[in-house]
Amino acid sequence: MTTLNLIVPCYNEEEVLPETCARLLDLLDRLILAGTVSEASAVTFVDDGSRDRTWALIETLHQEGPRVRGIKLSRNRGHQNALLAGLLSAPGDVLISLDADLQDDIEAIPRMLDAFERGAEIVFGVRHKRSADTPFKRYTAKAYYRILRAFDVEILPGHADFRLMSRRAIEALRGFQEVNLFLRGIIPLLGFPTAVVEYERHARFAGESKYPLHKMLALAFEGITSFSAVPLKWSTWLGAVVSVASLGFGVWALFIHTFTNLALPGWTSTVVPMYFLGGIQLLFLGLIGGYVSRIYSETKQRPRFIIERTLDSSHRDGIRQVDFWRQYDERIVDQLLP
Ligand code: UDP
Ligand code: MG
């Protein structure tokens with residue numbers, strides 16, 4: 001029978017955690033009772049370096065029920081990395097990632113499992129309504145998905161990180177070693193039979209968003225620069241057009257200067273193209289800088305997350321090494337292992 005593991009990244013989520021955990025355990029009980037998933041199914045909370053009582057709560061919840069597991073990252077690494085830590089280190093035949101605030105409708109999970117049983121290795125949760133989000137978030141999200149598509153990034157509109165992945169898909173994901181993570185851009189590249197399950201996005205039931213505007217913008221930029229070189233092509237084209245135009249302008253200015261006596265002190269003709277070209281250059285230097293900084297971070301090959309502790313039922317004391325570490329430094333792990 002299928003073993004399900006629900007992966008929930010948490011950053012300062014003390015307000016929602018107990019309720020979220022209760023609801024997820026209730027769902028698991030129902031699924032186990034119905035014979036859909038095995039007794040070994042679990043909920044894994046990934047604490048993304050929270051500053052509040054989130055980890056203490058996870059420990060308590062784990063003490064109360066072995067079905068609750070925990071992974072503690074050594075510091076805040078952001079939602080995408082926390083999610084990856086959970087996906088790459090949690091056991092289970094099927095992993096489903098969802099947000100701690102349960103904005104993603106957990107009643108869609110049985111339908112996702114159903115799609116898995118029918119052969120899908122990846123099932124995308126897609127919001128068909130987001131009346132709970134602010135109009136600003138709705139419109140910017142919509143525009144953003146459009147831009148990504150225009151930039152040839154394969155992405156499913158309305159899909160965030162609520163998805164089911166089979167063990168096979170997870171192992172394929174392990175092969176993607178990029179440091180600049182934009183999971184919803186990577187997953188479609190894995191291939192495999194996929195399915196889509198629609199759901200309605202709820203409001204956060206407690207606490208506030210951990211995705212302020214600057215984090216959202218950073219993720220948006222990541223999505224474009226990690227998956228598309230189209231902006232670079234634009235810079236080439238725009239550069240070409242501007243060069244041709246200014247050549248024409250130069251010829252015209254020379255003509256005025258040589259064959260007429262209209263050549264005024266020439267302030268306009270000097271200053272206008274100077275500003276214009278300066279602006280364009282700065283714009284695209286910035287853009288290229290964005291790519292260069294990504295090359296920089298990719299070549300450093302730093303670990304994308306570091307696990308400090310894990311909690312699972314077989315090691316109640318909570319200290320267990322995860323194989324994932326081996327990838328980074330065999331020696332450190334050997335020293336730590338008894
Ligand atoms: N999150 C995280 N690390 C961060 C920021 C957010 O793990 O640095 C988690 C957060 O706890 C939640 C999920 O990412 O489970 C989505 O965050 P949130 O609900 O605040 O974002 P929104 O729904 O407002 O986009
Ligand atoms: Mg949320």
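The values are calculated or read from the model by the stated rules, or taken from the named source; none is laboratory data. A quick note: this is a predicted structure, and the numbers were derived from the prediction, not measured. Cβ coordinates were reconstructed from backbone atoms using ideal geometry, including for glycine residues, and neighbour counts include every protein chain displayed. All accessible areas refer to the heavy atoms of the entire protein, side chains included, with ligands and DNA or RNA removed. Shrake-Rupley method; radii C 1.70, N 1.55, O 1.52, S 1.80 Å.
Things to note:
- Pairs, first over 22 Å from Asp26 (Cβ atoms) in the range 109-128, second basic (Lys, Arg) and open to solvent by 30 Å² or more (accessible area, probe 1.4 Å), C-beta under 7 Å, six or more apart: Glu121/Arg168
- With respect to being farther than 26 Å from Tyr11 by Cα, under 19 Å from the mean Cα position of the chain (by Cα) and of a type in the set (Val, Ile, Thr), Ile147 fits the description.
- Residue match in the range 114-123 (condition: within 29 Å of Leu17 (Cα to Cα) and open to solvent by 40 Å² or more (accessible area, probe 1.4 Å)): yes
- Within the range 73-85, the residues that satisfy the criterion of being surrounded by 23 or more Cβ atoms within 10 Å (Cβ to Cβ) and away from ligand 2 (no atom under 16 Å from the Cβ) are Leu73, Leu84, Ala85.
- Selection within the range 180-209 - farther than 24 Å from His128 by Cβ, in contact (Cβ under 8 Å) with a residue 60 or more places away in the chain and within 16 Å of ligand 2 (Cβ to nearest atom): Ala206, Gly207
- You will find that of Phe136, Phe151, Phe162, the residue that is open to solvent by 70 Å² or more (accessible area, probe 1.4 Å) and not polar (S, T, N, Q) is Phe136 and no other.
- Qualifying residue in the range 4-15 (condition: open to solvent by 10 Å² or more (accessible area, probe 1.4 Å), among the acidic types (Asp, Glu), free of Cβ contacts under 8 Å to residues at least 24 places away in the same chain and more than 10 Å from ligand 1 (Cβ to nearest atom)): no
- Checked against the criterion of being in a loop (DSSP other than H, G, I, E, B) and in contact with a Gly (Cβ under 6 Å, 6 or more places away or on another chain), the range 55-70 contains not a single residue that satisfies it.
- Selection count, the range 16-42, where residues are open to solvent by 10 Å² or more (accessible area, probe 1.4 Å) and hydroxyl-bearing (Ser, Thr, Tyr): 2
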